[in-house]
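Asks: Got a structure for you, questions after.
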Amino acid sequence: MHRRITDKLVIATHNPGKLAEMRELLAPHGVEAVSAGELGLGEPEETGKDFRSNAKIKAIAAAQAAGLPAFADDSGIVVDALDGAPGIYSARWAGPTKDFTAAMTRIERLLQERGATTPDKRRAHFVSALCVAWPDDHIEEVEARVDGTLVWPPRGNAGFGYDPMFQPNGHSRTFGEMESIEKHGLPPLGLGLSHRARAFVKLAEICLDGR
């Protein structure tokens, strides 16, 4: 059976951009959230072969360390012309200093090397796998994606990560040009456009009280 989130929750991330998005998504549900960073928890090694496995690793580690339910996301960008790269290595492509400008430049260089210069050859999608783990090993997990095209040069200073080069299908602006409410706000205020928002809608249906 599915289990509801009823009390305090650990957000298993040290990424400030991801933390801000997760807190905004949880806020309407009255869930008190504290981050793994604020609790001084370490970051487990992400040894999974896919997004779902890595989300589970992070959630379980935080739940066991904090003795509380823990909510983790593993997400990244999958580029068709690069055979799915960077995929689960999206954050690692930015290096220890989290230099996503360098990571986006690397993607563009590889696309150019492969002759991917027209929109039909620059298709990509973001994936978000969400996992909630409890200290007694109960797990709830969901996954979602949003499809789009990679643009160059990057546009916009909003969002984080690869957002400035990702233009979702049906839109003329990149995630980097969208306000947070537009990118990941949920109805009636937003469209639930991002991969993380879409995954959260699935999670809310099984784990949150709908407030």
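Read-outs: derived from the displayed coordinates by stated rules, not from any lab. Computed from a prediction, not measured in an experiment: that's the story for all the values here. Reconstructed Cβ throughout: ideal geometry from the backbone, glycine too, with neighbour counts over all protein chains shown.
Asks: Among 72, 94, 63, which one shows the biggest mean-square fluctuation in a GNM of the chain, springs joining Cα atoms closer than 10 Å?
Replies: Evaluated over the chain, the most mobile residue of the options is 94.
Asks: Please state, as a whole number in µm²/s, the translational diffusion coefficient that the Stokes-Einstein equation yields for the chain at 25 °C and 0.890 mPa s, with Rh defined as the Kirkwood radius across alpha carbon pairs. Don't jump to the answer; show the numbers that get you there.
Replies: Numbers: Rh = 17.4 Å.
Rounded to a whole number, D works out at 141 µm²/s.
Asks: If you don't mind, there's one more thing I want to ask. At 0.36 nm per residue, minus the direct Cα-Cα distance, what do residue 123 and residue 80 gain on full extension? Give it in nm, one decimal, please.
Replies: Details: separation 43, 0.36 × 43 = 15.48 nm, distance 0.59 nm.
Using 0.36 nm per residue and subtracting the Cα-Cα distance, I get 14.9 nm.
Asks: In nm, give the distance between the simple-model label positions of residue 157 and residue 1, each being 7 Å from the Cα along the Cα-to-Cβ direction.
Replies: 5.1
Asks: Based solely on its DSSP helices, what 222 nm [θ] is calculated for the chain when runs of n ≥ 4 H residues each add -39,500 (n - 2.57) and the sum is averaged over all residues, nearest 500 deg cm²/dmol? Don't skip to the end; give the middle numbers.
Replies: Numbers: 5 runs with 59 residues, N = 211.
Mean residue ellipticity at 222 nm (helix-derived): -8500 deg cm²/dmol.
Asks: If you don't mind, there's one more thing I want to ask. Sequence gap at least 6, Cα distance under 8 Å: using those rules, report the relative contact order of the range 9-207 to the nearest whole percent.
Replies: Values: 392 pairs, mean separation 34.9, N = 199.
Computed over the range 9-207, the figure is 18 percent.
Asks: Also: With a 10 Å cut-off between alpha carbons and a GNM built on the chain, which of 148, 48, 176 moves the most?
Replies: Largest GNM mean-square fluctuation: 48.
Asks: Next question, about the same structure. What FRET efficiency would be calculated for the residue pair residue 139, residue 180, taking the C-beta separation as r and a Förster radius of 30 Å, to the nearest 0.05?
Replies: Values: r = 28 Å, r/R0 = 0.95.
The calculated FRET efficiency here is 0.60.
Asks: Along the Cα→Cβ direction, 7 angstrom out, place labels at residue 14 and residue 32. What is the inter-label distance in nm?
Replies: 2.6
Asks: So how do 131, 207 line up by other beta-carbon neighbours within 10 Å, fewest first? Please list the in-between numbers first.
Replies: Details: 131 28, 207 22.
Ordered by Cβ neighbours within 10 Å, fewest first: 207, 131.
Asks: Could I ask something else about it? Which one, 142, 6, 88, projects farthest toward the positive side of the charge dipole computed for the chain from Cβ point charges (K/R +1, D/E -1)?
Replies: 88
Asks: Expressed in nm to one decimal, what extension gain is obtained for the pair residue 173 and residue 23 from 0.36 nm per residue of sequence separation less their Cα-Cα distance?
Replies: On the way: separation 150, 0.36 × 150 = 54.00 nm, distance 2.44 nm.
Contour length minus the Cα-Cα distance gives 51.6 nm.
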